[in-house]
Amino acid sequence: MSHKALAPLMGLAFIASLGGVNAQDAGKKVISTPNAPEAIGPYSQAIRVGNTVYLAGQIAIDPKTKQVMANASIEDQTRLVLENIRAVLVADGLTMDHIVTTTVFLKDLNEFGKMNEVYATFFKSAPPARATVEVARLPRDVRIEISAIAVHP
């Protein structure tokens, strides 16, 4: 067999040898805090891999009462969602300034301006990159969900 024919086979052997590598081996760490709503499904509040923290989407649930604020205004829901994100970040020694990107899911894009006013108060300097999308429905019939990615310095 020629060297050219062996190269792909050697590559496949290397990839197969990595088959036993899992997320824990890659440095995956669960971030959790009682100061934010506990996960209501098979997911974590956040996962840290290396210096990057991937935060699950937060909705307007009061972590103390575990009650959903489904009937609250978009401003109140946005504020609580961002406070919940802050709590998860604090659990890993970070602040809102460490967020590099967010994804905002809105039930009604007509509420973008009101959401944006509250959002801006949490990101005064160097706000993160952001994507905002309107969705048909969110968990527990809330008006907003926000996920984020943060990076340790």
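The values are calculated or read from the model by the stated rules, or taken from the named source; none is laboratory data. Since the model is a prediction, treat every value here as computed from it, not as a measurement. Don't worry about glycine lacking a Cβ; one is built from the backbone with ideal geometry, like all the others, and counts go over all protein chains shown.
Look through the range 61-78, keep the residues that are in contact (Cβ under 8 Å) with a residue 40 or more places away in the chain and touching a strand residue (DSSP E or B) at 6+ places or on another chain (Cβ under 8 Å), and return whichever of them is nearest to LEU109 (Cα to Cα).
Among them, the one singled out is ILE74.
Residue pairs, Cβ under 9 Å, 6 or more apart or interchain, first in the range 79-94 and over 14 Å from ILE47 (Cβ atoms), second of a type in the set (S, T, N, Q) and assigned to a helix (DSSP H, G or I). List them.
If the second residue must be of a type in the set (S, T, N, Q) and assigned to a helix (DSSP H, G or I), the pairs left are ARG79/THR121; LEU82/THR121.
Across the range 71-95, what is the total count of residues that are over 22 Å from ASP141 (Cβ atoms) and surrounded by 14 or more Cβ atoms within 10 Å (Cβ to Cβ)?
Taking the range 71-95 as the starting set, the residues that turn out to be over 22 Å from ASP141 (Cβ atoms) are 86-95.
Right, trim to surrounded by 14 or more Cβ atoms within 10 Å (Cβ to Cβ) and you get 86-92, 94.
Matching residues across the range 71-95 total 8.
Within the group ARG79, ARG86, ARG143, ARG137, which residue is closer than 30 Å to GLY27 by Cβ, modelled with pLDDT of 95 or more and charged (D, E, K, R)?
Testing whether each residue is closer than 30 Å to GLY27 by Cβ, modelled with pLDDT of 95 or more and charged (D, E, K, R) leaves just ARG86.
Filter the range 123-153 down to the residues that are touching a Ser or Thr at 6+ places or on another chain (Cβ under 9 Å), hydroxyl-bearing (Ser, Thr, Tyr) and free of Cβ contacts under 8 Å to residues at least 40 places away in the same chain and list them by number.
THR132
Would you please name the residue that is nearest to ASP97 (Cα to Cα), looking only at residues in the range 64-76 that are modelled with pLDDT under 95 and touching a helix residue (DSSP H, G or I) at 6+ places or on another chain (Cβ under 8 Å)?
MET69
Can you name the condition, by its number, that ALA136 falls short on among (1) surrounded by fewer than 19 Cβ atoms within 10 Å (Cβ to Cβ); (2) in a strand (DSSP E or B)?
Only one criterion in (1) surrounded by fewer than 19 Cβ atoms within 10 Å (Cβ to Cβ); (2) in a strand (DSSP E or B) is unmet by ALA136, namely (2).
If the requirement is being modelled with pLDDT of 95 or more and touching a Lys or Arg at 6+ places or on another chain (Cβ under 8 Å), which of these qualifies: ASP92, ASP97? Before the answer, list the steps.
On the way: ASP97 fails: touching a Lys or Arg at 6+ places or on another chain (Cβ under 8 Å).
So the residue among ASP92, ASP97 that is modelled with pLDDT of 95 or more and touching a Lys or Arg at 6+ places or on another chain (Cβ under 8 Å) is ASP92.
Condition first: of a type outside the set (A, V, I, L, M, F, W, C), part of a loop (DSSP other than H, G, I, E, B) and on the phi < 0 side of the Ramachandran plot. Now tell me which residues in the range 56-95 satisfy that.
If the condition is that a residue be of a type outside the set (A, V, I, L, M, F, W, C), part of a loop (DSSP other than H, G, I, E, B) and on the phi < 0 side of the Ramachandran plot, then ASP62, PRO63, LYS64, THR65, GLN67, ASN71, SER73, ASP92, THR95 are the ones that fit.
Which of the residues spanning the range 108-129 are more than 19 Å from LEU94 (Cα to Cα) and not in a helix (DSSP H, G or I)?
ASP108
Within the group VAL21, VAL30, VAL49, which residue is over 29 Å from GLU117 (Cα atoms) and either at pLDDT below 95 or among the hydroxyl-bearing types (Ser, Thr, Tyr) (or both)? Break it down into steps so the answer makes sense when it comes.
On the way: VAL30 fails: either at pLDDT below 95 or among the hydroxyl-bearing types (Ser, Thr, Tyr) (or both); VAL49 fails: either at pLDDT below 95 or among the hydroxyl-bearing types (Ser, Thr, Tyr) (or both).
On inspection, the qualifying residue turns out to be VAL21.
Go through the range 96-107 and count every residue that is farther than 25 Å from THR65 by Cβ and either loosely packed, with under 15 Cβ neighbours inside 10 Å or over 11 Å from the mean Cα position of the chain (by Cα) (or both).
Qualifying residue count, the range 96-107: 4.
Please go through the range 28-65 and pick out each residue that is within 12 Å of ALA150 (Cβ to Cβ), within 10 Å of the chain's Cα centre (by Cα) and crowded, with 20+ Cβ neighbours inside 10 Å.
If the condition is that a residue be within 12 Å of ALA150 (Cβ to Cβ), within 10 Å of the chain's Cα centre (by Cα) and crowded, with 20+ Cβ neighbours inside 10 Å, then ALA46, VAL53, LEU55 are the ones that fit.
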